[in-house]
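K.L.:
One structure follows; several queries about it will come next.
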Amino acid sequence: MSDFDNNVYPLMPLRDIVIFPGMVAPLVVGRKKSIGALESAMENRSLIFLVSQKDVGTEDPHQEHLYGVGTLATVMQLLRLPDGTIKALVEGKRRARITSFLETELYFSAEVEELPDTDAEGPEVEAYGRELKRVFEEFAQINKKIPKEVQASISAIENISRLADNISSHLLLNTQQKQEILETVSLPDRISVLLEAIYHEVELSEFEKTIQAKVKKKMADTQRNYYLGEKIKAIQEEMGHGEGVDDTGELEEAIARKNLPESVREKVTKELKKLRQMPPMSAETTVVRNYIDAIISLPWSERSDSKIDIVKAEQVLDEDHFGLKKPKERILEYLAVQAQVKKLKGPILCLVGPPGVGKTSVCKSIARAMDRRFIRLSLGGVRDEAEIRGHRRTYIGAMPGKIILSMQKAGVVNPVFCLDEVDKMSMDFRGDPSAALLEVLDPEQNFSFNDHYLDLDYDLSEVFFITTANNLHGIPLPLQDRMEIIRLSGYTEEEKLKIAEGFLVPKQLEENGFKSDDISFNDKALLEIIRRYTREAGVRNLERTISAICRKVARDRLKKNDLDKKYRISKQGVSRYLGVARHRYGHAEERDAIGLATGMAWTEVGGELLQIESTLMPGSGKLTVTGKLGDVMQESAHAAMSYVRSRAMRLGLEPDFYQKIDLHIHVPEGAIPKDGPSAGITIATSIVSALLKIPVDHLIAMTGEITLRGRVLPIGGLTEKLLAAKRGNITHVLIPKENERDLSEVPQRIRGSLQVDLVDHVDEVLQHALKVREGEDLFTDVSMESIYKDITLSSHNTPAH
């Protein structure tokens, strides 16, 4: 029995389909209310009212989005699919019209009025029925898409109304046309609409036949012309005037001149033989010709006379780049080993560093130092494996991958090959390009690199591959494993000043049409630009800003028509050309403050100083963390708070202090996302400062991950963080004791300008950072029994949630 009132049924909207009485159809249902309607009808053994939407794009339809007439149907079967959708098998029963629309949270329902056929009997209807059956059989003979089983079942139907509905469901009409037939209650009128639609389809089929005959005739003419053309070609070859002889002859000469491996020579000779047997107008001819050209244009044995002179290499690197002492040493070590063992197989280096520090230009310098050709391939945005390995020749427009195309441009087998932005690759359904690079960058495999287009082994073992990246997070671990990582950290102010004086200013003067003495910058002007108009690890923005000044001077000269005037740019003159300073120099606070601690962070563009604020309010123990922080950083805040609670007695706090206050931790510049564990000790220091009302030394910056026991764990990016501290006028930094090994990588001029203290526990951090009055002690001597009693009391006083 049904739980529904008479004539009230669950309603399910349909998209792009109309169900007729007597029609059995499978439906895949994903919308929540539609699933609810189906399940309700199945559970209550009720009919379901199926009605089509006016617009298929409406996701959440209401009464105004639905047609007024639909079909009452039975749910024959329900099958729940793994993705949460339901596959239903329904059978249409009777036409009905919506009289009242009801909407609940679970599904739609409607009160409906059934629509029986009118004028369903009489000689006219019988005549209409016979004509309908005859015309449909004629249409089915023309249209091969209607199965013979369907034709047989329709021919056997005696009921004219059912016949009309059954034929309607098999015609290729749009939703609006089918809905018009469904809404036509008068049987003669309905059959009349159907006949008109079938006559139209028969007429279209006749037109299609005519068009096909014309196309077939045209194709026969093309084949005839091709046959005649082949006969003419054969006659010309017999007379010695064949045009194709010279064409393939040139290719044969090029293959003979090329020093190819034996297996490659066999392959290309076989393809040439195939080309000679092909008709010139064939599409396959172009494919084979392009394939032979690709093989001939590749370098197989041509190489640069590469002589490694360590002294010259060091001079080249020093001429092109200021600073970068450690990376230069690593590169020279590799070159020295290559020169000593006479080994042509080069290492695969990976230069990692912020934008603008000179990674790509270092690659060019290595090529110049080795007297090798340089080629660069940008991998940013590459997401298709075929871009590395090429497409198979079965595809239209197939071509070799970027590696082989780059080797064709290089023209030698031993270039310096820069794979730029290797961390910017991505993957999709077409494959993972980083996986294809595994073979390219593995010295044990790349002697037989197989491009899909060539389908030949190509030797890449003599190529000196160098990759560049901004960070290692975007590079898969198997790919990292095949490369030697060399880190290029950011430049200090002194290095930027030297680079600007020796490289950037002369370069921009030349590019903007000035002589070397037309514009001069003093040191204070350049420092002003570095400190207040650029904030970066590299020097790209610095060069852009110097270029902007040159352009403004050029405009000023031409405006005053004084081309001999010399310009001296001073610190005061910088603002006249560049406007108001973009950045405040130095992040360090001007005075000590309670609840404000300075941390050090590492980003893709170098190191940054991070201010962390804590403030207390009367409350009930709520901890609020703001500043667009990631999950890891929020967890660090909770860990820091747990540490402070565990040390409450030693810090002179009441055991239940946290139940009487609300604590708000904020990291300014709230629009910038921040994450990572290295701010743990900074957050703890800020919280303790706010609780004890003791200010934090504004000249101290710190970094380190915190544990619940107060241990300070090591962090990454130490050099960049210390650079940021130096830029921000910080004089004293606290770093984890385990990072002592990384201090040797930090340039001496940076270490010498900072007091670096190694800490192993947060207690040491607080002793350094908090400015306790003279004679006072930060920690109170408390026995372990008291601490245990403190923890027990705190847990008992914690309100239940």
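The values are calculated or read from the model by the stated rules, or taken from the named source; none is laboratory data. Treat the numbers as computed from the prediction; the structure is a model and nothing was measured. With ideal geometry, Cβ positions are generated from the backbone for all residues, glycine too; neighbour counts draw on all protein chains shown. Just so you know, the surface numbers come from the protein's heavy atoms only, side chains and all, with ligands and any DNA or RNA stripped out. Shrake-Rupley method; radii C 1.70, N 1.55, O 1.52, S 1.80 Å.
K.L.:
So which of 598, 624 ends up being open to solvent by 30 Å² or more (accessible area, probe 1.4 Å), on the phi < 0 side of the Ramachandran plot and in a strand (DSSP E or B)? Even if it seems obvious, please write down each step before you answer.
P.N.:
Values: 598 fails: open to solvent by 30 Å² or more (accessible area, probe 1.4 Å).
So the residue among 598, 624 that is open to solvent by 30 Å² or more (accessible area, probe 1.4 Å), on the phi < 0 side of the Ramachandran plot and in a strand (DSSP E or B) is 624.
K.L.:
Can you name the condition, by its number, that residue 333 falls short on among (1) touching a residue at least 40 places away in the same chain (Cβ under 8 Å); (2) part of a helix (DSSP H, G or I)?
P.N.:
Failing condition for residue 333: (1).
K.L.:
Restricting the search to region 691-709, which residues are in a loop (DSSP other than H, G, I, E, B), at negative phi and not hydrophobic (A, V, I, L, M, F, W, C)?
P.N.:
Result: 697, 698, 703, 707, 709.
K.L.:
Which members of region 188-198 meet the condition of being within 17 Å of residue 178 (Cβ to Cβ) and touching a helix residue (DSSP H, G or I) at 6+ places or on another chain (Cβ under 9 Å)? Don't jump to the end; show me each part of the working.
P.N.:
Step one: filter region 188-198 for residues within 17 Å of residue 178 (Cβ to Cβ), giving 189-198.
Result: 190, 191, 192, 193, 194, 195, 197, 198.
K.L.:
What is the number of the single condition among (1) open to solvent by 70 Å² or more (accessible area, probe 1.4 Å); (2) in a helix (DSSP H, G or I) that residue 516 does not meet?
P.N.:
Going through the list (1) open to solvent by 70 Å² or more (accessible area, probe 1.4 Å); (2) in a helix (DSSP H, G or I), residue 516 breaks only (2).
For (1) within 43 Å of the chain's Cα centre (by Cα); (2) free of Cβ contacts under 8 Å to residues at least 60 places away in the same chain; (3) in a loop (DSSP other than H, G, I, E, B); (4) over 21 Å from residue 179 (Cβ atoms), each residue gets a yes or a no:
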{"position": "21", "(1), (2), (3), (4)": "no, no, yes, no"}
{"position": "25", "(1), (2), (3), (4)": "yes, no, no, no"}
{"position": "45", "(1), (2), (3), (4)": "no, yes, yes, yes"}
{"position": "55", "(1), (2), (3), (4)": "yes, yes, yes, no"}
{"position": "59", "(1), (2), (3), (4)": "yes, yes, yes, no"}
{"position": "64", "(1), (2), (3), (4)": "yes, yes, no, no"}
{"position": "70", "(1), (2), (3), (4)": "no, no, no, no"}
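K.L.:
Just one of 559, 524 is surrounded by fewer than 16 Cβ atoms within 10 Å (Cβ to Cβ) and either closer than 30 Å to residue 321 by Cα or in contact with a strand residue (DSSP E or B) (Cβ under 8 Å, 6 or more places away or on another chain) (or both); which is it? So that I can check it myself, show each step before the final result.
P.N.:
Values: 559 fails: either closer than 30 Å to residue 321 by Cα or in contact with a strand residue (DSSP E or B) (Cβ under 8 Å, 6 or more places away or on another chain) (or both).
Checking each option against the conditions leaves just 524.
K.L.:
Provide a single number: the residues in region 370-409 that are assigned to a helix (DSSP H, G or I), open to solvent by 10 Å² or more (accessible area, probe 1.4 Å) and of a type in the set (A, V, I, L, M).
P.N.:
2
K.L.:
Does residue 162 qualify as being within 19 Å of residue 91 (Cβ to Cβ), out of contact with any Ser or Thr (no Cβ under 8 Å at 6 or more places or on another chain) and outside any loop (DSSP other than H, G, I, E, B)?
P.N.:
Numbers: within 19 Å of residue 91 (Cβ to Cβ): yes; out of contact with any Ser or Thr (no Cβ under 8 Å at 6 or more places or on another chain): yes; outside any loop (DSSP other than H, G, I, E, B): yes.
When the stated conditions are applied, residue 162 passes them.
K.L.:
Follow-up question, since we're still on this one. Under the condition of being modelled with pLDDT of 85 or more and within 45 Å of the chain's Cα centre (by Cα), which residue from region 104-131 is surrounded by the fewest Cβ atoms within 10 Å (Cβ to Cβ)?
P.N.:
Of everything passing the filter in region 104-131, 106 is surrounded by the fewest Cβ atoms within 10 Å (Cβ to Cβ).
K.L.:
Considering only region 570-583, I want to know if a residue exists there that is modelled with pLDDT of 80 or more, open to solvent by 30 Å² or more (accessible area, probe 1.4 Å), assigned to a helix (DSSP H, G or I) and of a type in the set (S, T, N, Q).
P.N.:
Yes, the conditions are met somewhere in region 570-583.
K.L.:
I need the full set of residues from region 253-270 which are surrounded by fewer than 17 Cβ atoms within 10 Å (Cβ to Cβ), part of a helix (DSSP H, G or I) and of a type outside the set (Lys, Arg), in order please.
P.N.:
Here is the first cut: in region 253-270, the ones surrounded by fewer than 17 Cβ atoms within 10 Å (Cβ to Cβ) are 253-254, 256-257, 259, 261-263, 265-266, 269-270.
Cutting the leftovers down to part of a helix (DSSP H, G or I) gives us 253-254, 256-257, 262-263, 265-266, 269-270.
Hits for region 253-270 are 253, 254, 256, 262, 263, 266, 269.
K.L.:
Also, I was wondering about something else. Within region 414-500, which helices (runs of 4 or more DSSP H) (wholly inside it) include 3 or more residues that are more than 19 Å from residue 370 (Cβ to Cβ) and open to solvent by less than 10 Å² (accessible area, probe 1.4 Å)? Before the answer, list the steps.
P.N.:
Numbers: elements: 433-440, 477-481, 493-499.
Of the helices (runs of 4 or more DSSP H) lying wholly inside region 414-500, those with at least 3 residues that are more than 19 Å from residue 370 (Cβ to Cβ) and open to solvent by less than 10 Å² (accessible area, probe 1.4 Å) span 433-440.
K.L.:
So which residues in region 92-142 are among the acidic types (Asp, Glu) and either outside any helix (DSSP H, G or I) or over 26 Å from residue 25 (Cα atoms) (or both)? Give the steps one after another, and end with the answer.
P.N.:
First pass over region 92-142, keeping only residues among the acidic types (Asp, Glu): 103, 105, 111, 113-114, 117, 119, 121, 124, 126, 131, 137-138.
Across region 92-142, the qualifying residues are 103, 105, 111, 113, 114, 117, 119, 121, 124, 126, 131.
K.L.:
For region 628-648, indicate whether the set of residues that are open to solvent by 50 Å² or more (accessible area, probe 1.4 Å), touching a helix residue (DSSP H, G or I) at 6+ places or on another chain (Cβ under 7 Å) and either at positive phi or not in a loop (DSSP other than H, G, I, E, B) (or both) is non-empty.
P.N.:
Yes; the residues of region 628-648 include at least one that is open to solvent by 50 Å² or more (accessible area, probe 1.4 Å), touching a helix residue (DSSP H, G or I) at 6+ places or on another chain (Cβ under 7 Å) and either at positive phi or not in a loop (DSSP other than H, G, I, E, B) (or both).
K.L.:
May I pose another question? Residue by residue through region 177-188, note down the ones that are out of contact with any Lys or Arg (no Cβ under 8 Å at 6 or more places or on another chain) and free of Cβ contacts under 8 Å to residues at least 40 places away in the same chain.
P.N.:
Across region 177-188, the qualifying residues are 177, 180.
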